[in-house]
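The values are calculated or read from the model by the stated rules, or taken from the named source; none is laboratory data. In this text the structure is predicted, and so the values were computed from the model without any measurement. Here the Cβ positions follow ideal geometry from the backbone for every residue, glycine too, while neighbour counts run over all protein chains shown. Heads up: the accessible areas ignore ligands, DNA and RNA and are worked out on the full protein's heavy atoms, side chains in. Shrake-Rupley method; radii C 1.70, N 1.55, O 1.52, S 1.80 Å.
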Amino acid sequence: MKKFQYILLVALLLLLSACKSDEGQSPSTKENAGMLEEKEDVNDLQGQREKKPVADIEEDTLYTWEINEQTNLLLVREQGEIEVFEDNYAIGSVGERQYSGNVALYIVIKDEENGILQERLEDITLNLDRAFSIPYSFNGEQFIVWVQPEATNVNTLGMWRYTDGEIKSVQFDVESTLIVSHQQMKFLKDTYLQVYFYNNDDSDEDGIGWIYRTWKWDNDTAKFTEHAVKKYTQNTRYGWESGEYTTKLWHEHSGEYVLFPEMTMTDEVIDLIKNGQLLDNDIRIGQSIDKVLGIMPDYTVNEYYEGAPYYSFPGPSSYFYNEVTREITGISLSAGSLTNDLASIKAIFGDPDEDSYDEMEEIYVLLYTVGDYLLRVNYDENGELSGFWLL
């Protein structure tokens, strides 16, 4: 009996000792232990990825993207051939190289012996002298893009983003690629991506012309969703001509883009207008146009409209000025950048001083007196807003 009591006492002491040991751990010690377990889980996950010696990867590398000072993404040939063009084609010119076959994407970290496989892709065709660009910085991450030629004016756009030490394919709604007619990407304001496709099929209901699509990034789903579509086609009045001019500016100016709804005019605009402004950008009537040029030197147009000189800049605004004094005399704002409709504008400003039809411009006009300034609002026969003028 005494022997049994002794064994029971020893067991109780061991149990108390274990409890005290657990209680003696500080919260930070427990947290560190949890972090260590989590880190080990991540390492286990990385360890499950296929690896390959960097020397072998570099031997078959077709292209390298520099993600940051420590990390590169390598496009690696797995099974395929490189052809050098001996003539000029839609997908390549004389002397350019085209790869056809299977590829793999590897992350290579500085001073590491092995690269880590990210993804394999089959039946890829890439012009090695045209398809690639440096990574785009967007929304705090690096986005990797390639454009695969398919036919005249037809390219397949593929995109990945580098996040949490690996690359992930970017989705466009439910698709993993886009059809585009260009190499240049327009990432806008850490929120939007704009691309275009040139349709040369005259049997299409819209006719021949340019179709611009603006995609909006969704942080919650980590993908792009279609936000706006703008068509410049021959089946609309001056559509093709406008598209040709618009596309020229789109390529010539890095900041230029086709307007899409991104702002909403509210009651607060009344105080801005009373101060001679249409946008909350510290530019107002009476200031020097040279101040605007100092802020935005990459203007797209410097011409005359009905005898008045003006500058247009990437985005929705143009500024009219006096050539002698260089003072800003008027500001225009395209309605294409607004989410507002005609009813919401009337709700903000009330009954207009005048509601008329301009036969020369074939447009309806609302006129409002706001403080010391005159606001003109243009709209068409369908009630669609087209522009604002502050004078």
Output for the stretch 346-391, where each listed residue is in contact with a helix residue (DSSP H, G or I) (Cβ under 9 Å, 6 or more places away or on another chain), open to solvent by less than 70 Å² (accessible area, probe 1.4 Å) and either assigned to a loop (DSSP other than H, G, I, E, B) or of a type in the set (A, V, I, L, M) (or both)
ILE348, PRO352, LEU366, VAL370, GLY371, LEU375, VAL377, GLY383, LEU385, LEU390
Contact list, first residue from the stretch 67-94 and closer than 30 Å to LYS168 by Cα and in contact (Cβ under 8 Å) with a residue 12 or more places away in the chain, second anywhere and acidic (Asp, Glu) and part of a loop (DSSP other than H, G, I, E, B), beta-carbon distance below 8 Å, six or more apart or interchain, is VAL76/ASP60; ARG77/ASP60; GLU78/ASP60; GLY92/ASP129
Scan the stretch 110-167 for residues that are within 25 Å of ALA55 (Cα to Cα), assigned to a loop (DSSP other than H, G, I, E, B) and β-branched (Val, Ile, Thr) and jot them down.
ILE134
Please go through (1) touching a residue at least 40 places away in the same chain (Cβ under 8 Å); (2) open to solvent by less than 20 Å² (accessible area, probe 1.4 Å); (3) of a type in the set (A, V, I, L, M) for ILE289 and return the number of the only condition it doesn't satisfy.
(1)
Quick check on my filter: what residues within the stretch 94-109 are outside any strand (DSSP E or B) and either open to solvent by less than 20 Å² (accessible area, probe 1.4 Å) or of a type outside the set (A, V, I, L, M, F, W, C) (or both)?
GLY95, GLU96
Which condition does ILE91 not pass, out of (1) within 30 Å of the chain's Cα centre (by Cα); (2) open to solvent by 20 Å² or more (accessible area, probe 1.4 Å); (3) more than 27 Å from SER181 (Cα to Cα), if it passes all the others?
(3)
Residues that are closer than 24 Å to ASP129 by Cα and free of Cβ contacts under 8 Å to residues at least 60 places away in the same chain, drawn from the stretch 46-66
ALA55, ASP56, ILE57, GLU58, GLU59, ASP60, THR61, THR64
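Has the stretch 141-153 got at least one residue that is open to solvent by 30 Å² or more (accessible area, probe 1.4 Å), over 22 Å from ILE211 (Cβ atoms) and without any contact (Cβ under 8 Å) to a residue 60 or more places away in the chain?
Yes - at least one qualifying residue is present in the stretch 141-153.
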All-but-one check, GLU83 against (1) over 30 Å from GLN194 (Cα atoms); (2) open to solvent by less than 80 Å² (accessible area, probe 1.4 Å); (3) assigned to a strand (DSSP E or B), failing number (2)
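Residues that are more than 22 Å from ASP298 (Cβ to Cβ), in a strand (DSSP E or B) and without any contact (Cβ under 8 Å) to a residue 40 or more places away in the chain: does the stretch 232-252 have at least one?
Yes: one or more hits.
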The stretch 191-229: number of residues that are open to solvent by 80 Å² or more (accessible area, probe 1.4 Å), more than 16 Å from the chain's Cα centre (by Cα) and not acidic (Asp, Glu)
2
Would you point out the residue of the stretch 48-57, among those that are over 31 Å from the mean Cα position of the chain (by Cα) and of a type in the set (D, E, K, R), that is most open to solvent (accessible area, probe 1.4 Å)?
LYS51
Within 16 Å of LEU390 (Cα to Cα) and either aromatic (Phe, Trp, Tyr) or within 26 Å of the chain's Cα centre (by Cα) (or both) - does that describe any residue in the stretch 292-306?
yes
Within the stretch 313-342, residues of a type in the set (Gly, Ala, Ser), part of a strand (DSSP E or B) and either in contact with a Cys (Cβ under 9 Å, 6 or more places away or on another chain) or surrounded by fewer than 19 Cβ atoms within 10 Å (Cβ to Cβ) (or both) come out as SER334
Any idea which residue in the stretch 123-140 is nearest to ASN219 (Cα to Cα), counting only those that are surrounded by 14 or more Cβ atoms within 10 Å (Cβ to Cβ) and β-branched (Val, Ile, Thr)?
ILE124
Among the residues of the stretch 292-310 satisfying the criterion of being open to solvent by less than 20 Å² (accessible area, probe 1.4 Å) and touching a helix residue (DSSP H, G or I) at 6+ places or on another chain (Cβ under 9 Å), which is farthest from GLU252 (Cα to Cα)?
PRO309
